[in-house]
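Since the structure comes first, as structure tokens, the remarks are kept for the end.
Every number here is computed from the coordinates shown, using simple stated rules; none is lab data. Being a predicted model, the structure only gives us computed values, none of them experimental. Please note: Cβ atoms are built from the backbone with ideal geometry, for glycine as well, and neighbour counts cover all protein chains shown.
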Amino acid sequence: MKNILIIYPHWPPSNLAGVHRARLISNFLPDFDWHPIILTVKHKYYEEKPDFDFIKTVSQETEVIYTDARKIGKTRIIGDIGLRSFNHLKKEALKIIQERKIDFIWIPIPSFYVATLGRILHNKTKTPYGIDYIDPWVRDISNRKNIRSRLSNIVAKILEPYSVKKASLISGVSTPYYQPVLDKNFKNKKIEHVGMPYGFAPNDHKVVVKNIKYPWDNYSKCKPIIYAGAFLPLSGYFTELLFKNIRKLKDEGKLDSQIKLFFIGTGNYAHKSITEYAKEAGIENIVIEIRERFPFLHILNLLSNAYGVMIIGSTEKHYTASKTYQSLLSEKPVFTIFHGKSSAVEIMNECNAANYTVSFFENKNKVDFENEIKKTFINFVNQNKKWQPDLKALDKYSAKESARKLIEAIEKTYN
């Protein structure tokens, strides 16, 4: 069995979204004769609240090695866990490679700065490495005005070319996430690359969690519709139009008075909030936003016990919406707004679950788009269409399939 060293500073009990990438892939690597060794940081250095139930979702075959990091201190100057743990990760990774045969190093990002370890380790040990894009590193920040974002992007434009130059593999949750990296850095050099989604692990839905409190417990006769996960800047346009048309339905007396919209785990962000969009539309009495991140297993339970599930995507074509899988597996009706060319729309169609999906295209008439949102949402609320998704169609999007694609690409680098 070959050994793959996965360097990712966060690991369960961390409940950050990126943790699922390393966790899901590593869980299935032994199925393809690769032994996963996770190099991560001790949870006492994390900023987020630990979710110890989350540890139950890690395979017993996954080997985990922990290292230290710099503490944040009273004044938060450097928060990024990748920077705070950089030297510790480098030292421990070199030790592992010197003591054991490591056949490949795989580094999911963000944290983006950890990507530079791939080249540093390769220069010292000749061990091949790959960088996996959970999010683009160099990105469009035109909607962000703060100086920190600008400086971060300047640094990214310097460090990304350095980090990827000697990589043997580039991977990502979808090809558009890393295509600019190939275009800019590998014009005259062939490099293996593979796009594969987060996927899902069916066993996650079987983990029992006790004493869960529901956000709608204090509302009598409530029909809760849940949006779970981070609220993205490029989701604002869809949110604004959705809330505007929910207000119309409410004014027309067509909206069930028991309907409540719960946006949970939306996170801390600088752009306009869900609450602000709701106030502007005049529906703040039916919209409840809880920014605090919920434990992953709690989210699965909440989705399965909601009246309906909602996903508001991005105006970007390459938005993948990893939450699509968990939403479908909840077996509750799912309302979605995606860019028409998003892979998420393809998934909904293949699963025969696009009953309540609205697709956005740049050339679509705004009035027609709004009418489609309004009509689809009220059909969703009233559950006017039969909801019988074909969940077997999800198999090709599973984490096991993503692990297979990754290993296939890695083994090609040896040819």
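Worth pointing out:
- Inter-probe distance in nm under a simple model that places probes 7 Å from Cα toward Cβ, at residue 411 and residue 387: 4.1
- Convex hull volume of the range 205-395 per residue (C-alpha atoms, cubic angstrom): 118
- The amide H of residue 306, built 1.01 Å from its N in the peptide plane, has no neighbour under 5 Å, considering only residues 5 or more places off or on other chains.
- Added length on full extension, which subtracts the Cα-Cα distance from 0.36 nm per residue, residue 213 to residue 396: 62.5 nm
- Globularity index of the chain, i.e. its alpha-carbon radius of gyration over 2.2 N^0.38 Å: 1.00
- Between residue 56 and residue 365, the modelled label-to-label distance comes to 5.3 nm, taking each label 7 Å out from Cα in the direction of the beta carbon.
- Only Cα pairs under 8 Å and 6+ residues apart enter the sum, and on that basis the relative contact order of the chain stands at 15 percent.
- For residue 336, the residues whose modelled amide H falls within less than 5 Å of its own, excluding neighbours fewer than 5 places apart on the same chain, are 311, 357, 358.
- For residue 132, the residues whose modelled amide H falls within less than 5 Å of its own, excluding neighbours fewer than 5 places apart on the same chain, are 107, 109, 171.
- Once exposed loop chymotrypsin sites (Phe, Trp or Tyr not before Pro) are cut out (DSSP; at most 16 other Cβ, 10 Å), longest piece of the chain: 1-185
- For the range 122-136, the Karplus equation 6.51 cos²θ - 1.76 cosθ + 1.60, evaluated at θ = phi - 60°, returns couplings of 5, 4, 8, 10, 6, 6, x, 9, x, 10, 10, 8, 6, 9, x Hz by residue, with Gly and Pro reported as x.
- Remark: the range 403-415, residue by residue, has Karplus-estimated 3J(HN,Hα) of 5, 4, 5, 4, 5, 4, 5, 4, 5, 5, 5, 8, 7 Hz, where x stands for each Gly or Pro and the curve is 6.51 cos²θ - 1.76 cosθ + 1.60 at θ = phi - 60°.
- Cα centroid separation, the range 252-267 to the range 309-333 (Å): 17
- Over the chain, dividing the summed -39,500 (n - 2.57) contributions of all DSSP H runs of at least 4 residues by the number of residues returns a 222 nm mean residue ellipticity of -10500 deg cm²/dmol.
- Taking 28 Å as the limit for the C-alpha separation, the pairs 260/366; 56/385; 260/374; 2/71; 42/187; 206/250 exceed it in the case of 56/385; 2/71; 42/187; 206/250.
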